[in-house]
1. Output yes when any residue across region 32-45 is open to solvent by 70 Å² or more (accessible area, probe 1.4 Å), in a loop (DSSP other than H, G, I, E, B), out of contact with any helix residue (DSSP H, G or I) (no Cβ under 6 Å at 6 or more places or on another chain) and modelled with pLDDT under 85, and no when none is.
2. Kindly provide the set of residues from region 46-69 that are modelled with pLDDT under 90 and part of a loop (DSSP other than H, G, I, E, B), ordered by number.
3. Filter region 84-130 for residues that are farther than 15 Å from A159 by Cβ, assigned to a helix (DSSP H, G or I), open to solvent by 20 Å² or more (accessible area, probe 1.4 Å) and in contact (Cβ under 8 Å) with a residue 60 or more places away in the chain and give the result.
4. I'd like to verify a number: residues in region 70-83 that are under 10 Å from M36 (Cβ atoms) and in a loop (DSSP other than H, G, I, E, B), how many?
5. Within region 70-87, identify whether any single residue is of a type in the set (A, V, I, L, M) and either modelled with pLDDT of 95 or more or under 22 Å from G148 (Cβ atoms) (or both), and answer yes or no.
6. Kindly establish whether E153 is open to solvent by 30 Å² or more (accessible area, probe 1.4 Å), in a loop (DSSP other than H, G, I, E, B), in contact (Cβ under 8 Å) with a residue 24 or more places away in the chain and under 25 Å from D85 (Cβ atoms).
7. Under 22 Å from D115 (Cβ atoms) and crowded, with 17+ Cβ neighbours inside 10 Å: is that true of I204 in this structure?
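The values are calculated or read from the model by the stated rules, or taken from the named source; none is laboratory data. No experiment lies behind these values; they were computed from the predicted model shown. Counting neighbours? That spans all protein chains shown, and the Cβs are built from the backbone with ideal geometry, glycine included. Accessible surface is based on the protein model in full, side chains and every heavy atom, while ligands, DNA and RNA are left aside. Shrake-Rupley method; radii C 1.70, N 1.55, O 1.52, S 1.80 Å.
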Amino acid sequence: MMSVAMPYMYGEECTPYDSVYASSASEAEKSDLVLMFGNSPADTRMGGANAVWDFAKVRESVTGRGGKIVNIDYRMNETSSGHPDEWLPIRTGTDAALVAALAHEPIANDQVDLDFLHTYCVGFDEETMPESAKGQNKSYKDYIMGTGYDMVEKTAEWAAPITGIPAERIKQLAADIAAAEAPFICQGWGPQRHTNGEDTSRAICMLPVLIGKIGLPGTNTGQREAEPPTYLVGS
């Protein structure tokens, strides 16, 4: 799903997981907030000279500086096990609804990076819509703020009964994202492996885009973290 969806998100030459369009786990060591959606290296990339070791260094570095790691997953996975403050359980398949509510907060509170969005992005608001789609309330902002096709405002209160995550916790997480100097946002392969999973993958990638924290030290594109070109132990 991501392989199909990401070229529509970041351009036709985008290939998920490489070092150009996704940051490596070692880059997350510079982050002050690591936010993972359905991503558990300890389960999916277990082993010695592998991503598990990279993530252990990330935890050591981020938490050592007072930063946070939040793992959004429907189960207590091996990566967050033993670190209960990192685990945020969610109803399976509702990640996109959570992201919509997380996006609502910075839009409503004027915390998005409009300079970045207006310079580099298409479709965020009316100003960035293609001429063929102007005046039709089809922008991302229209969808989130309830002026789009479904006329539903994607508030935290709207998302809470869908995701199973309390509205106040959603608002706090949104505030943490907005306050982070270098949020490292990534996703595993789980969120995409559902019906309409490509939309979920693109939704998650919107979070760093909204706040302009992309292509900077300690940040990521929202895709799964890239792997180094060589591991000591092969497949």
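1. no
2. M46, G47, G48, A49, N50, R65
3. Within region 84-130, D115, F116 meet the criteria.
4. 4
5. Looking through region 70-87, at least one residue is of a type in the set (A, V, I, L, M) and either modelled with pLDDT of 95 or more or under 22 Å from G148 (Cβ atoms) (or both).
6. For E153, the condition - open to solvent by 30 Å² or more (accessible area, probe 1.4 Å), in a loop (DSSP other than H, G, I, E, B), in contact (Cβ under 8 Å) with a residue 24 or more places away in the chain and under 25 Å from D85 (Cβ atoms) - is not met.
7. The answer is no for I204.
Conditions (1) at pLDDT 90 or above; (2) surrounded by fewer than 21 Cβ atoms within 10 Å (Cβ to Cβ); (3) more than 15 Å from the chain's Cα centre (by Cα), marked per residue:
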| position | (1), (2), (3) |
| --- | --- |
| A180 | yes, no, no |
| C186 | yes, no, no |
| G212 | yes, yes, no |
| P229 | no, yes, yes |
| L232 | no, yes, yes |
